[in-house]
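The values are calculated or read from the model by the stated rules, or taken from the named source; none is laboratory data. If you're wondering where the values come from, they're calculated on a predicted model, not measured in any experiment. Neighbour counts are summed over all protein chains in view; Cβ atoms, including those assigned to glycine, are modelled from backbone coordinates with ideal geometry. Ligands, DNA and RNA are stripped out before the accessible areas are found, and what is left, the full protein with its side chains, is counted by its heavy atoms. Shrake-Rupley method; radii C 1.70, N 1.55, O 1.52, S 1.80 Å.
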Amino acid sequence: MTETVRTSVIRKVIDVAGIVPGVGFRPFVYRLANECGLTGVIANTPAGASIEVQGEAEAVERFLERLPKEVPPRTKITVLGLREAELQPETGFRIAASRTDASARALISPDVAVCEDCLREMMNPRDRRFRYPFINCMNCGPRFTIVHDIPYDRARTAMAKFKMCAACQAEYENPASRRFHAQTNACWDCGPQVSLLGADGARMDVAEPIREAARLLQQGSVVAIKGLGGFHLACDAQNEKAVGKLRERKRRVEKPFAIMVRRVEDAARLCVADEISKKQMSSFERPIVLLPRRAAVAFVPGVTPGNRYWGVFLPYTPVHHLLFQSGKFEALVMTSGNLSEEPVTIDNEEAVRRLNRITDAFLAHDREIVRRCDDSVVRVAAGQPQKLRRSRGFVPVPVQLEKEMQPVLAVGGELKNTVCVVRGSEAFLSQHVGDLENVESCRFFEEAVQHLQRILDTEPKVIAHDLHPDYFSTKWAQERTGVELVGVQHHHAHVAACMAENHLDGKVIGIALDGTGYGTDGAIWGGEVLVADYAGFERAAHFEYVPLPGGAAAIHEPWRMAVSYLAKHYGNEVEKLGLPFQAKIDSRKLSVVLQMMEREINSLRTSSCGRLFDAVAATVGLRGTVNFEAQAAIELEMAARDSVSESAYPLDLNLHGATWQIGTKSLFDWLLKDIRQQTSVAEMSRKFHNGLALVFVNVAEKIRAKMGLNRVCLSGGCFMNALLLETMVAEMKERSLEVFFHTEVPAGDGGISLGQAVIAGRRLEG
Ligand SMILES: [Zn+2]
Ligand SMILES: [Zn+2]
Ligand SMILES: [Zn+2]
């Protein structure tokens, strides 16, 4: 027998970045090293981790090959360096104790839907966590919403008050366990518990609160359910009375409710779900996914009145799963636990105070929600998942930037507000803060700013804000002392956000279409083509100005915009046009509006594309008043989907100096002709969409001819309209324009904080 000669033992050091604490990276490396028969160590570094492995060269190779392929699902590592090192006398693989200084700049993970392994345990009567509503592991559970401060460990989270029992502690210390170093580890003996409260907040004496809550839901009650980022208000989606009751009590007139279904198959039975949507729905982020409802499906009309798109999502906490398991309902309405537009409620006592008139009971628990975080909303358009609201599940995952920048705080706009902090080459957007129109939302805004700065351990000395002088966020920025302020034009921010997430630099053609954005001339902009880079922009084209009679009233009452356009094109005696929709207008109100515009009282000029949508929706008779933002435009889009017309209403292009003005006279001439010929609303809506797509493609081509630019960025709330986006993208590609749109951050105002931040960051360099 010959002696085995170990000649090929080597030691390699691998430096990796991109690790998020709380996703199980270190236990994964530990297991992999053991499987490959290697010794060594893994330690945290400021950038991520340093792994040292030692063993037969072949085994080390195998380890290196498997490492990037088999990393836990939520980890995207980058190997920074790989080098040989001196052999060490050691017998096993170990995980070095975490040093707080090293992990201080590590990232916080978003909240993650309960994983399959945990679900299996939860359903197993022999498991010690059988039916435990807070089961979690390294791969799943709450993170962002329970973190007070960094570095991420139990003492700085809402789990601090729950001391781990011996069994949990043993898992926590066992590198082979799925719960090794899981800060949120808990069980029936040591972790959070659910309780059922009556509408008055009094605790109900029930043995199994979740079964009882399920029974109440089944009977048609409204139950407020405490989740990850806030309370939901829930009821059986197929119980007409329950849905009606919830709608009435919440004073939510027509805005659609989101629906939670048990499995992705159920969603596909109710709605037409493509593969990308299904994948989104089942992802660990578990967003609400907008899907077209199947025509044949009978459903309670009060769930999504007049809307053919349903917001559907799957259970993402153990509590949700247990509810579906305990009750006989197919789908639950799950809407944010708030009053109209206030932020979602997170605290038990606050919930009782604010929701007691809406709900019949509360399914609460004793784990604090540190930061509220609404559900995210996704819709697939132009073959890509688009985030209409980027919040739970996605926050605080950063958007990668091309370059490192000085730390900047950007405070966003007024509606659908988010804030953004840039650190190094990463931009961190906050959760959806909402409309800054009430005290609660403004307080939440401040909390979101502070929380984000705290968990990123950075306090920027530069604040970027919108130019609108009356926005809460603008005023808040201006009240800060010892900071540099950078004002950013709204549509420039939209375009820059689109550029940043698509990693573009240099000049682009930016098409920003939305409802409202303060222009540099004091007018309300919203139908803009900018030739822009991060440093600045030129306004290359925009819709011709029309009056916005009554300001905010014109937004709530689209008929005012119809009158504004009609008066502009056909003179003040609009009633003589005799259009069907005019019969519904109060003649006294009409004359007030006409006078207002004539005397230029409370009638700012606007080039808003959103308002043009409103005007067309009202003129074709679809809707004269709205109950929620963009309702008329949403209905116009849905109507247009019933037509396959390829005709387009013409829009006029007139050059004024160096700027193209997009006129709407021809559009209205054709529209009125169609109305008189009783053309269907579907066809008129389609022709309007086609016309819009065409005119902006024409403008882009003119700019290309003049300036040699070929890249087009589409941004602004109007591009949440999937039909407009898809039509425009197809038309642009046809003309060989390179077109970019949003997939990382919302096209609407939820994305502008990113644009503001990058513009301010670049300005500092300049
Ligand atoms: Zn798990
Ligand atoms: Zn325990
Ligand atoms: Zn906007």
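At-a-glance table
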| read-out | value |
| --- | --- |
| Enumeration of residues in the range 286-330 that are out of contact with any helix residue (DSSP H, G or I) (no Cβ under 7 Å at 6 or more places or on another chain), of a type in the set (A, V, I, L, M, F, W, C) and over 22 Å from ILE634 (Cβ atoms) | ALA296, ALA298, PHE324 |
| Of all residues in the range 66-86 being assigned to a helix (DSSP H, G or I) and of a type outside the set (D, E, K, R), the one that is most open to solvent (accessible area, probe 1.4 Å) | PRO68 |
| Elements of type strands (runs of 3 or more DSSP E) contained in the range 606-718, each with 2 or more residues being free of Cβ contacts under 8 Å to residues at least 24 places away in the same chain | 652-656 |
| Scope the range 119-140; condition within 14 Å of ligand 2 (Cβ to nearest atom) and in contact (Cβ under 8 Å) with a residue 40 or more places away in the chain; matching residues | ARG128, ARG129, TYR132, PRO133, PHE134, ILE135, ASN136, CYS137 |
| LYS255 being assigned to a helix (DSSP H, G or I) and either under 30 Å from ALA155 (Cα atoms) or away from ligand 2 (no atom under 16 Å from the Cβ) (or both) | no |
| Sole exception among (1) at pLDDT below 95; (2) within 28 Å of VAL397 (Cβ to Cβ) for GLY716, by number | (1) |
| Answer from GLY519, GLY551, GLY578, GLY510 - the residue that is open to solvent by less than 30 Å² (accessible area, probe 1.4 Å) and at positive phi | GLY551 |
| Residue among LEU723, LEU653 that alone is at negative phi and open to solvent by less than 40 Å² (accessible area, probe 1.4 Å) | LEU723 |
| Tally of residues being open to solvent by 10 Å² or more (accessible area, probe 1.4 Å) and away from ligand 1 (no atom under 12 Å from the Cβ) across the range 133-157 | 9 |
| Index of the failed condition, ILE601 passing every other in (1) closer than 26 Å to ASP435 by Cβ; (2) modelled with pLDDT under 95 | (1) |
| Residue within the range 554-571 that is in a loop (DSSP other than H, G, I, E, B), open to solvent by less than 30 Å² (accessible area, probe 1.4 Å) and among the hydrophobic types (A, V, I, L, M, F, W, C) present | no |
| Selection from the range 279-303 of residues that are open to solvent by 40 Å² or more (accessible area, probe 1.4 Å) and among the aromatic types (Phe, Trp, Tyr) | PHE284 |
| Residue within the range 173-194 that is in contact with a helix residue (DSSP H, G or I) (Cβ under 7 Å, 6 or more places away or on another chain), within 24 Å of PHE231 (Cβ to Cβ) and more than 15 Å from ligand 2 (Cβ to nearest atom) present | yes |
| Answer residue from the range 717-736, given it is touching a Lys or Arg at 6+ places or on another chain (Cβ under 9 Å) and within 27 Å of GLU414 (Cα to Cα) and is farthest from ligand 2 (Cβ to nearest atom) among those | LEU723 |
| Complete set of residues in the range 283-339 that are outside any loop (DSSP other than H, G, I, E, B) and under 22 Å from ASN124 (Cβ atoms) | PRO318, VAL319, HIS320, HIS321, LEU322, LEU323, PHE324, GLN325, SER326 |
| Unique match (being at pLDDT below 95 and out of contact with any strand residue (DSSP E or B) (no Cβ under 9 Å at 6 or more places or on another chain)) among ARG372, ARG423 | ARG372 |
| Which numbered condition ALA381 misses (of (1) among the aliphatic types (A, V, I, L, M); (2) in contact with a strand residue (DSSP E or B) (Cβ under 7 Å, 6 or more places away or on another chain); (3) at pLDDT 95 or above) | (2) |
| Unique match (being under 25 Å from the mean Cα position of the chain (by Cα) and either within 16 Å of ligand 1 (Cβ to nearest atom) or farther than 20 Å from HIS465 by Cβ (or both)) among GLY517, GLY506, GLY527, GLY550 | GLY527 |
| Enumerated strands (runs of 3 or more DSSP E) restricted to the range 359-421, each holding at least 2 residues that are small (Gly, Ala, Ser) | 361-365 |
| Complete set of residues in the range 673-721 that are in contact with a helix residue (DSSP H, G or I) (Cβ under 9 Å, 6 or more places away or on another chain), away from ligand 3 (no atom under 16 Å from the Cβ) and small (Gly, Ala, Ser) | SER680, ALA682, SER685, GLY691, ALA693, ALA700 |
| Selected residue [of a type in the set (A, V, I, L, M, F, W, C), open to solvent by 40 Å² or more (accessible area, probe 1.4 Å) and more than 13 Å from ligand 1 (Cβ to nearest atom)] from PHE162, PHE130 | PHE130 |
| Scan of the range 522-548 for residues that are surrounded by fewer than 24 Cβ atoms within 10 Å (Cβ to Cβ) and among the charged types (D, E, K, R), ordered by number | ASP533, GLU538, ARG539, GLU544 |
| In the range 691-720, the residues that are among the hydrophobic types (A, V, I, L, M, F, W, C), within 27 Å of the chain's Cα centre (by Cα) and surrounded by 24 or more Cβ atoms within 10 Å (Cβ to Cβ) | LEU692, PHE696, VAL712, CYS713, LEU714, CYS718, PHE719, MET720 |
| Per-region count, the range 24-65, residues crowded, with 21+ Cβ neighbours inside 10 Å and among the polar types (S, T, N, Q) | 2 |
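This table checks each residue for (1) more than 27 Å from PHE362 (Cβ to Cβ); (2) within 16 Å of ligand 3 (Cβ to nearest atom); (3) of a type in the set (Asp, Glu).
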| site | (1), (2), (3) |
| --- | --- |
| VAL147 | no, no, no |
| ILE150 | yes, no, no |
| ASP153 | yes, no, yes |
| ALA167 | yes, no, no |
| PHE180 | yes, no, no |
| TRP188 | no, no, no |
| GLY191 | no, no, no |
| SER195 | no, no, no |
| GLY198 | no, no, no |
